[in-house]
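The values are calculated or read from the model by the stated rules, or taken from the named source; none is laboratory data. The shown structure was predicted, so the numbers you read here are calculated from the model rather than taken from an experiment. Please note: Cβ atoms are built from the backbone with ideal geometry, for glycine as well, and neighbour counts cover all protein chains shown. Each accessible area value is taken on the protein alone, full model and side chains, heavy atoms only, with ligands, DNA and RNA left out. Shrake-Rupley method; radii C 1.70, N 1.55, O 1.52, S 1.80 Å.
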Amino acid sequence: MKAIPYGRQHITEEDIQTVIETLQSDYLTQGPKIAEFEEAFANYVGSKYAVAVSNGTGALHLCTLALGVKDGDKVITTPITFAASANCIRYCGGEVVFSDIDPNTYLLDINKVRALLESAPKGTYKGVIPVDFAGRANDLEAFRKLADEFGLWIIEDACHAPGGSFQDANNNIQSCGNGQFANLAIFSFHPVKHIASGEGGMITTNDEALYQKLLQLRTHGILKNNDLYTNSIELAGGNETYPGWYMEMQTLGFNYRLTDFQAALGLSQLARAQKGVERRREIASNYFKAFTNKSFIKGQSKSIEGHAYHLYIIEVEDRLGLYNYLRSKSIYAQIHYIPCHLMPYYKQFGWKEGDMPASENYYKHCISLPMYPTLTDEEQAYVIEEINTFYK
Ligand SMILES: *Cc1c(COP(=O)(O)O)cnc(C)c1O
């Protein structure tokens, strides 16, 4: 049996052809594939605007910049996520305030967030970053209500959840990243995520002003628009109008651009993203059927509507034993995540063991089983059989 990882990309002949064509075109970067990818992606998640960037971490950084996070601003997020969800607050000098998860959903517990907000004067907290962890959508309608009550912005970290959704109070399906409730949402196209472009990321929003800011911040803070310049035409070197070469750097931005060949790969992958989510749901349902009555079927491993299944997680007693046993059988299950507040970097701010009991307890037991669209039925049957053997 060949090695079975917990996740992996899928590159088709068509993907390869489209990248080759883009490499042979006039644009390697700043060309037409970027807007094409952005438009198709916005369409996929149902948002008005999308901004393609170099990776998911850059997407998060541009979001905290665009929302004006500054020194000392307190922002709330979950400890059960990839470090970047919290780090983006630090990039702008903000203070990361971790809040514990709901042990059943593994998502930020909204009641604990509310308690946090109520325990401080209004205005203490600037924003919240819920993560659609493992592909399970947050109830962003509820988060929006809470955020409005306390004057917070919301960044939805939807890296795990393109194609995921939740049902709102009126039974409408709300897709992750559709911009209905969150101010901004972000995605990653790292090969282990649903859509691979090598490195890559996307920000989606329905807010035009934020969209314009993001475009500018993505390219050094430079803009090219005659109507928005603040220097005079004369200073710019023109007479009646701004000269053709003219542009202005008005704020401090970065280079977080995606290349055209990455966008081409992303576009090609996006075309079968929906199918990929369907296959992931099938795999999740196979695991659930095989293990229904087992003690390790808890929390997210139960069948869940709208779940995008970036990860399929079970909670086991002898986690180290199972992890090592599966490795000896060439099955590379993985752990998501070591709680962020226990990372040495965050411990220096005073976070310690015992601060987030639900997250810490979850971390003691969680293990992510192989989950990716090209996992075959035979491979999955082998994974299931080996887990059953371990538990015999
Ligand atoms: C992958 C990931 C990121 C970062 O994305 P990169 O493209 O790797 O920079 C951020 N948040 C979460 C939840 C992720 O899984």
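Assess whether G163 counts as being within 23 Å of A84 (Cβ to Cβ), open to solvent by less than 10 Å² (accessible area, probe 1.4 Å), out of contact with any strand residue (DSSP E or B) (no Cβ under 6 Å at 6 or more places or on another chain) and in contact (Cβ under 8 Å) with a residue 12 or more places away in the chain.
No, not satisfied.
Return the pair list, or none, for Cβ contacts closer than 6 Å from residues in the stretch 178-196 that are at pLDDT 95 or above to residues that are open to solvent by 10 Å² or more (accessible area, probe 1.4 Å) and basic (K, R), at least 6 apart or on different chains.
Here the result reads F181/R144, each pair linking the stretch 178-196 to a residue that is open to solvent by 10 Å² or more (accessible area, probe 1.4 Å) and basic (K, R).
Output the number of residues of the stretch 170-215 satisfying the condition of being of a type in the set (V, I, T) and outside any strand (DSSP E or B).
So the answer is 2.
Return the residues of the stretch 114-139 that are open to solvent by 10 Å² or more (accessible area, probe 1.4 Å) and either assigned to a strand (DSSP E or B) or among the hydrophobic types (A, V, I, L, M, F, W, C) (or both); say none if nothing qualifies.
A115, L116, A120, Y125, K126, A137
Quick test for you: out of A35, A86, pick the one residue that is farther than 29 Å from D260 by Cβ, aliphatic (A, V, I, L, M) and under 21 Å from the mean Cα position of the chain (by Cα).
None of the others qualify; the one that does is A86.
If we only count helices (runs of 4 or more DSSP H) wholly inside the stretch 222-304, which ones have 2 or more residues that are open to solvent by less than 80 Å² (accessible area, probe 1.4 Å) and either in contact with a strand residue (DSSP E or B) (Cβ under 6 Å, 6 or more places away or on another chain) or in contact (Cβ under 8 Å) with a residue 12 or more places away in the chain (or both)?
260-270, 273-291
Out of the stretch 110-136, which residues are within 18 Å of the chain's Cα centre (by Cα) and either farther than 20 Å from K298 by Cα or more than 16 Å from the ligand (Cβ to nearest atom) (or both)?
G127, V128, I129, P130
With (1) closer than 30 Å to A196 by Cβ; (2) in contact with a Leu (Cβ under 8 Å, 6 or more places away or on another chain) as the list, and M343 as the residue in question, which single condition is left unmet?
Of everything listed in (1) closer than 30 Å to A196 by Cβ; (2) in contact with a Leu (Cβ under 8 Å, 6 or more places away or on another chain), M343 misses just condition (2).
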